[in-house]
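A.B. asks: Pasting a structure here, questions to come.
The values are calculated or read from the model by the stated rules, or taken from the named source; none is laboratory data. Bear in mind the structure is a predicted one, so any value in this text is a computation, not a measurement. So basically every Cβ, Gly included, is an ideal-geometry build from the backbone, and we count neighbours across all protein chains shown.
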Amino acid sequence: MKLYVTYTSPYARLARILVLEKGLADGVEIIAAKTRTPGSPYYNVNPSGRVPYLIDDAGVGIEDSQLICAYLDGLDGKPRFHPPHNHANWAYRRLEAAARSMCDGISVWGREISRPANERSPTVLAHEVARSQRMADFFETQVTDPLLQGALTMAHLILAVAIEVAQQRGLGDLTDGRPQLASWVRRIAELPSMRTTAPPQTSR
């Protein structure tokens, strides 16, 4: 299989984490894609130009990090991060959706701040800064939930990746003043798969 990524995308990072966590490194070739570039050869592989993008052993392309992560997790018939019982667990699905919302907002901020200064929207930046703080407050109380204290799920990975990308791209340390969230993130950040997939320090 081939997995097209950029090394600064939190969504591509989630797929890379699943590759490692599921022991698929020998069977998945990680390929750096050139996105947001006119005429990039990657557009011949995936016309939308988004990452991650997985081409399976049959040559079929799969887009969207949620779909790709679920596919990789289920290849061995023993999904760890998408256990079937979570599909009917609305309490869990609520937490995963909130983590995705937080990650989405931080990604919007990251794209906006990477624009030339004269092209940035102060309104968008302020909105996403405020959103990130509200979501961090929310998770300061939620990380003690047994669902986030137990076996790893996608909610764990998404939340940890979101918080790390916020700090790495200059949005700030969202665990500052939030001791429960800080302790929780430190534990997840020590996973070998998290450390191996950490984005480059020069992403901005």
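A.B. asks: Quick check on this structure: which one of 90, 109 is farther than 26 Å from residue 192 by Cβ and buried (at least 18 other Cβ atoms within 10 Å of the Cβ)?
C.D. replies: Just one listed residue meets the conditions, 109.
A.B. asks: Would you list the helices (runs of 4 or more DSSP H) that sit entirely within segment 1-106 and hold 1 or more residues that are in contact with a His (Cβ under 8 Å, 6 or more places away or on another chain)?
C.D. replies: 65-74
A.B. asks: Which condition does residue 195 not pass, out of (1) part of a helix (DSSP H, G or I); (2) crowded, with 17+ Cβ neighbours inside 10 Å, if it passes all the others?
C.D. replies: In the conditions (1) part of a helix (DSSP H, G or I); (2) crowded, with 17+ Cβ neighbours inside 10 Å, residue 195 misses (2) alone.
A.B. asks: Only one of these conditions is not met by residue 111: (1) under 22 Å from residue 96 (Cα atoms); (2) part of a helix (DSSP H, G or I); (3) among the charged types (D, E, K, R). Which number is it?
C.D. replies: Every condition holds for residue 111 apart from (1).
A.B. asks: Is segment 27-46 home to any residue that is under 24 Å from residue 138 (Cβ atoms), touching a residue at least 12 places away in the same chain (Cβ under 8 Å), crowded, with 16+ Cβ neighbours inside 10 Å and not basic (Lys, Arg)?
C.D. replies: Checking segment 27-46: not a single residue is under 24 Å from residue 138 (Cβ atoms), touching a residue at least 12 places away in the same chain (Cβ under 8 Å), crowded, with 16+ Cβ neighbours inside 10 Å and not basic (Lys, Arg).
A.B. asks: Please indicate, with yes or no, whether at least one residue in segment 182-189 is outside any helix (DSSP H, G or I), at pLDDT 95 or above and farther than 19 Å from residue 100 by Cβ.
C.D. replies: no
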